[in-house]
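Worksheet: the structure to be examined is printed underneath.
The values are calculated or read from the model by the stated rules, or taken from the named source; none is laboratory data. Remember, predicted model here, so these are calculated numbers, not experimental data. Glycine also receives a Cβ, built like all others from the backbone with ideal geometry; neighbour counts cover every protein chain displayed. In case anyone asks, the SASA skips ligands and DNA or RNA and just uses the protein heavy atoms, side chains included. Shrake-Rupley method; radii C 1.70, N 1.55, O 1.52, S 1.80 Å.
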Amino acid sequence: MSAVFFHRGISRLHSEELLLQEGADGSFLVRDSESVAGAYVLCLLYQSRVHQYRILPDKDGRISVQSEGDMQPPSYNDLPSLVNSYINKAEKNGLVCALKKPVSPEGAELPEADSEDDDFDDPKQTLDSEERSGVPKTFKFGLLNNFARLDLSCCDGEFVDAMKAYVDEGLEKDSETQGADGGGYHMQEFQKLLAVAGKGLQRELDVFLLKLSMCHDMLSQEEEDKRRTLISNPMDRLGSYIDFMAAKLENCRTQILALEKKAKEVVADSAEARDNEYAYPDCSNISEPMLNTPFVPLGLRRSSSISIPLSTFEVKVLKYGKVNYKLKLTVDIHQGRFFAVKPSKDLLDSSNTFPHDKIVQLVKNTSDNSKLHVIFSNKKKYLYQFQSVLERENFCLQIRQMKSLHSQEHDVDNVSIFVGTWNMGKSAPCESLKFWLKCNGEGKSKDRVLSRLPHDVYVIGTQESAMTEKDWINTIKAGLKASLNLDVDLLESSSLWGLRTLVFINPRHRNKFSHIQKASVRTGIANALGNKGAVALSFMLSGTSFCFINAHLASGEERLERRNANFRDILKSLNMGPKNLENYDITHKFHHVFFFGDLNYRITEPVELVLNKLEKRDFASLLEQDQLRRSQFERKALFGFNESEIDFMPTYRLERQTPGHKYDWKKVKATGDRINVPSWCDRILWHSFPGTFIENTAYGTVDNLLNSDHRPVFASFTVGIASQFVQNRASLQENREVKFIFKKIEAQIKTSTKQFYILEFSSSCLPDIVLCESNKRFGESQKSGFTNNPIWSSDQLPVLRPLFGDVDYLEDQHILIAVKGCGEDQESYGECVISLKDMFTEEPCYFESTMTHYGEETGKMKGEWYIHTGSVGGVHSKSSRKTYEIVTLDTEYHDPEEFLSLSPPVDPVHMNIGQISSSSGGPSRFFPNADEETGSFRYVNHNVIKRAPSDPMPEPPPDVAVTAPPPIPNKKSKGQAIGSLPAASGQLLSQTPVVVNLSSVSGKTGQAAAAATTEEEGDDYTCGDELTTQFANLNGGAKQTYPELGSSSSSSALGVMQPQTRLIKTDDVSSSSSSSPPPTAIKSKVLVNVGGNPPLPIHKPAVARKPDRGSPVRTSPLVWQTRVDGDEFHPSSHSSSSSPIQPSTSKVVPSAPPISLEEENIYPSIAIRKYEELKKPSTVSEWLLGLGLAEYTPLFMRHGWDSMSAVHGLTAASIMKIGIRDGEHRLRILDSVRELRGSSSM
């Protein structure tokens, strides 16, 4: 096939980019079809639009361009003939224009080295050597082709190398000596190949002969009959290796026959002594006393001999913001309890012993990473302050592990997974694997307690494997038995040359695994050789699907583009998952995809500078030059994948058998010196569906395995598991009332083609794949060149009906939405996945997600939808609470019941009320967040925002103002509630009306009522900072511009619920109960917050409207939103100590003039200060809050930018290092830094 115009394996998006880059009308190329096997697509550029034509084969193998109507197009034998014919036809070819200029494939691929130690061969030198060779080139290529098709999964690396060496060099040497005189043995190179192949057999035969000799000696009664069989040395043999092995096999046959004869003699002799045998007494009737065995938790019954040490933490108990007393917390995981003992009291009793079933919730304080609220079932809550954030994290992990081990539920709701990768360097390990398998090493490792607990699943991936698959399996099993006393079962294995992936499982979970699949992809030379590529294993664990990909990508710093292409080829070529989704990549087929191995991404800095930074352990600056991180940022590879923070030394290239980190970075070869900069080549990344739970608990390396130039890398994960069964049987009959309703969907597609599109909806909860009508209109983005903007309205979108109506079942489900062209081929232009979590509402919810296709970003999708439940209702079952939800953040948690708090009221500046959970009353589970202190991901981004932006609010009557949201029951005051303040999307909050509600405080003065209310509710969680911020903007405070919902600047923000607010008159409260009109002026009012905030006095010179008692009160629906970008991780604003308030999307008609606030009398907040004061914030959190970027506060603190003096030194590179990926946010921060520098110099 001609290489002038044909591009094998490229995507639709890449082909369009190549043609647009060429720019000339008539430019064309041909690529493989993504939807029809064996077909091609002719892509033709005309007037900045790419037109695509399918080339289909017929039953005889001839190909033709698909045409419209009944006209039969001409057919051709091959692709070059077709293209040449259409070129000769010029303008009369039936296409949009003539084929003028073919676009050639990108640069030719360099030969791939077999090992990273090898140099790349000079093509010219290789050609000269082939011409001098005695073996014809075509004959040698045929052997190489046969070699590439072999399944070498059961072979060790030494034998594979010997076969390759024989094809490359040995065959030529044997052909030169064939028939030559001299008396020597012919085919010496082939003899060497057989010697390598029979090395294992020779060793086994020697051992077998030795065992036969021992059996003979055991049966021999006389000393002279005993004999020893010496192990022979193949180097001492006379003759060829074939004769040697034949003689040894014949010797085995002789020894076996002799042993059989001897055994018959011994059996015959033993019959004579049978009468003289002593009769031992029968002990079968002797009974043994029953021992009282202690209770062993379900999770440890198969490993009851595991010794789990106690763990002790010294904490301070805080009350009303001060240290009340000290405690020593001791966690006993095996017995399922922990003790809280004062230093002066050593006795244990019911007052200081807490069983696992009495612990309800652990709430992490986000303003102080050492504080933790522990809530018990007796409705008591204690605030502990640990000595460090690491101790708090270990305590939380141990408590969660304890509750999981002692859970009496039949179905597990979470599992622990170990993922390990190691390039063995074709050398078997000499040291123990226990540190690797126990996640004990450099980086984020497990502590001495958690490392004693075995994982539920072990995934081991190796590259350049040095052992046979059987030997490696036995080695791993022996390592787990020795280090953790764990007997595991091999679930499945997959190998490709030196690549190997093994999956071991705890036997107690065996019946939960199903749908096991494996596949492999070759990405070596011409994508034919398997020295580089990937092997993958997938399975279902209960109702959650997993896919593990062990990859070995192209080596060499200069091969970055080749590595990125390897990644895309792997995603495209792995044929796994549901058959109805075969045209999509694996990231859209599995809940969790792990991509790990020797990825070979390098550090692009001079080696001397890298070594200098490594001495200082300056990993952050080195990771800025990491090719993998840059490829992710530029969205060229591993887009949407996550990686935990790297806190360990580079794993390549180290000196073998040398302890420590001595890097062998220079290799002297005949062709020149080759520099291998120390790099993090061995990595573990993961990609998860939105709304799923996954937390990385360990990520590091070990330094005791020194036989390779790579160091092994480990990672540990806790993953939530969905049930595969419907828990509510009644839902099987009521599911007809449950339906998914889409009001509007809009897509922005990266393409220059001009056509209409359809949507395809797929889900495991739907009976079949559903297609919608083609779009009838396009949005404004359609005019912006390389973008199509199709829009579907509600009448074009289908109503989806799930198989079951069970709420708990549906909340674990997802919907895959694909945008396809209306043509017959229906190639996908991008897909995205949305979660069903928290969608059971009768009001539309807004979602936004990034579309990808085969690992490339292809656009965005947004829309409005909801789940209609009818009479079924979105009620959770009592057992829907997950074990792993015991640990949460204070920004997520809201007390579902009335708790008797023994801790002080939370400072309103440092506490935000998170979203209220679903009807179950438990804490919310649908938050995209990362633990600030560990950087470990928890719930994956939930791409849903409550309340659709296009939903208009009903027009209120002239005399009725729009009030706060519907009440949520509060702690002590029955009639008071917590809600959220309405705000119009795209408008300043100052236009939002405020309702004056005086009825609830009738009989008290305004200030007295405010004080009383505040005093009564002092123990509740509050959010005074956010409340003040919103009212400042509401009443003409500091002007703050809010982005449109769905824009890049708002996509990562998290709207938090705000307490319902009332304005109470201080001078004449008694008149509130009368029906007389309000006064024309109110001198002073007190803002009373039912959530426990301090009273906020305000000044309102204008007239305020009083709601009519006879008119219905109109409320704004509950508003909350989470991050919707899905591109890379940005900490959500709920993880910040004070988060900017995001406007809701309700359209509200102002019913009163703006209200102004007296700033000097309000609780201090940076958001309501004057602009001159904003230039000189006192803290970093205030500065970021003023910029509307408070969600980045934890990142700044974690990277050491914790003071305003340090902020003055911020640069663009520093901001990138912190982890801020949004370009608009980076510019906003840089502009503010320049202003800060200018003001400080004045």
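Things worth noting here:
- Residues of region 375-393 classified as in a helix (DSSP H, G or I) and buried (at least 21 other Cβ atoms within 10 Å of the Cβ), total: 2
- Selected residue (criterion: least open to solvent (accessible area, probe 1.4 Å)) from residues of region 503-544 that are over 30 Å from Glu409 (Cα atoms) and among the polar types (S, T, N, Q): Thr523
- When residues of region 589-609 are limited to those that are aliphatic (A, V, I, L, M) and buried (at least 22 other Cβ atoms within 10 Å of the Cβ), the one nearest to Arg500 (Cα to Cα): Leu599
- Region 342-388, subset at pLDDT below 90 and of a type in the set (A, V, I, L, M), residue farthest from Asp890 (Cα to Cα): Leu347
- Residue in region 88-98 that is of a type in the set (A, V, I, L, M, F, W, C), modelled with pLDDT of 85 or more and either touching an Asp or Glu at 6+ places or on another chain (Cβ under 9 Å) or closer than 30 Å to Ala148 by Cβ (or both) present: yes
- Where Pro767 falls short, out of the listed (1) closer than 21 Å to Phe847 by Cβ; (2) at pLDDT below 95; (3) within 29 Å of the chain's Cα centre (by Cα): (1)
- Taking region 775-832 as the range and being hydroxyl-bearing (Ser, Thr, Tyr), more than 19 Å from Trp865 (Cβ to Cβ) and open to solvent by less than 40 Å² (accessible area, probe 1.4 Å) as the test, the residues that pass are Ser781, Thr787, Ser828, Tyr829.
- Residues satisfying the stated conditions in region 748-763, i.e. touching a residue at least 60 places away in the same chain (Cβ under 8 Å), open to solvent by 10 Å² or more (accessible area, probe 1.4 Å) and closer than 28 Å to Lys589 by Cβ: Gln748, Lys750, Gln755, Phe756, Ile758, Glu760
- Single residue of Arg500, Arg559 found to be open to solvent by less than 20 Å² (accessible area, probe 1.4 Å) and modelled with pLDDT of 95 or more: Arg500
- Count of region 36-50 residues, restricted to those that are more than 21 Å from Asn788 (Cα to Cα) and either surrounded by fewer than 17 Cβ atoms within 10 Å (Cβ to Cβ) or not aliphatic (A, V, I, L, M) (or both), is 4.
- Scanning region 1211-1242 for residues that are part of a loop (DSSP other than H, G, I, E, B), in contact (Cβ under 8 Å) with a residue 60 or more places away in the chain and open to solvent by 60 Å² or more (accessible area, probe 1.4 Å) gives a single hit, Arg1221.
- Scoring Phe648 on the criteria (1) within 27 Å of Leu502 (Cα to Cα); (2) aromatic (Phe, Trp, Tyr); (3) in contact with a helix residue (DSSP H, G or I) (Cβ under 6 Å, 6 or more places away or on another chain) leaves a single failure, condition (3).
- Flag for Met402 being open to solvent by 20 Å² or more (accessible area, probe 1.4 Å) and either part of a helix (DSSP H, G or I) or in contact with an Asp or Glu (Cβ under 9 Å, 6 or more places away or on another chain) (or both): no
- Which numbered condition Ser445 fails, given (1) within 24 Å of Thr883 (Cα to Cα); (2) open to solvent by less than 10 Å² (accessible area, probe 1.4 Å): (2)
- Top-ranked residue in region 305-329 [being within 30 Å of Asp487 (Cα to Cα) and open to solvent by less than 70 Å² (accessible area, probe 1.4 Å); ranked as modelled with the highest pLDDT]: Ser311
Okay, residues lined up against (1) among the hydrophobic types (A, V, I, L, M, F, W, C); (2) part of a strand (DSSP E or B):
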| site | (1), (2) |
| --- | --- |
| Leu18 | yes, no |
| Gln21 | no, no |
| Leu29 | yes, yes |
| Ser35 | no, no |
| Arg54 | no, yes |
| Asp60 | no, no |
| Lys89 | no, no |
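- Complete set of residues in region 692-724 that are small (Gly, Ala, Ser) and not in a loop (DSSP other than H, G, I, E, B): Ala698, Gly700, Ala715, Ser716, Gly720
- Test set (1) open to solvent by less than 70 Å² (accessible area, probe 1.4 Å); (2) more than 30 Å from Phe1196 (Cβ to Cβ) - Leu372 fails condition number: (2)
- Output for region 432-489, where each listed residue is more than 28 Å from the chain's Cα centre (by Cα), part of a loop (DSSP other than H, G, I, E, B) and within 22 Å of Lys518 (Cβ to Cβ): Ala466, Met467, Thr468
- Qualifying positions in region 586-635 - more than 15 Å from Leu571 (Cα to Cα), in contact with a Ser or Thr (Cβ under 6 Å, 6 or more places away or on another chain) and among the aliphatic types (A, V, I, L, M): Ile603
- Conditions (1) open to solvent by less than 40 Å² (accessible area, probe 1.4 Å); (2) in contact with a strand residue (DSSP E or B) (Cβ under 6 Å, 6 or more places away or on another chain); (3) at pLDDT 90 or above; (4) not polar (S, T, N, Q); number of the one not met by Met839: (3)
- Looking across region 634-678, just one residue is within 26 Å of Asn564 (Cβ to Cβ), open to solvent by 70 Å² or more (accessible area, probe 1.4 Å) and not in a loop (DSSP other than H, G, I, E, B), and that is Ile675.
Table: residues versus (1) touching a residue at least 60 places away in the same chain (Cβ under 8 Å); (2) in a loop (DSSP other than H, G, I, E, B); (3) in contact with a Cys (Cβ under 7 Å, 6 or more places away or on another chain).
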{"site": "Leu571", "(1), (2), (3)": "yes, no, no"}
{"site": "Gly577", "(1), (2), (3)": "yes, yes, no"}
{"site": "Asn580", "(1), (2), (3)": "yes, no, no"}
{"site": "Thr587", "(1), (2), (3)": "yes, no, no"}
{"site": "Asn600", "(1), (2), (3)": "yes, yes, yes"}
{"site": "Ser621", "(1), (2), (3)": "yes, no, no"}
{"site": "Arg630", "(1), (2), (3)": "no, no, no"}
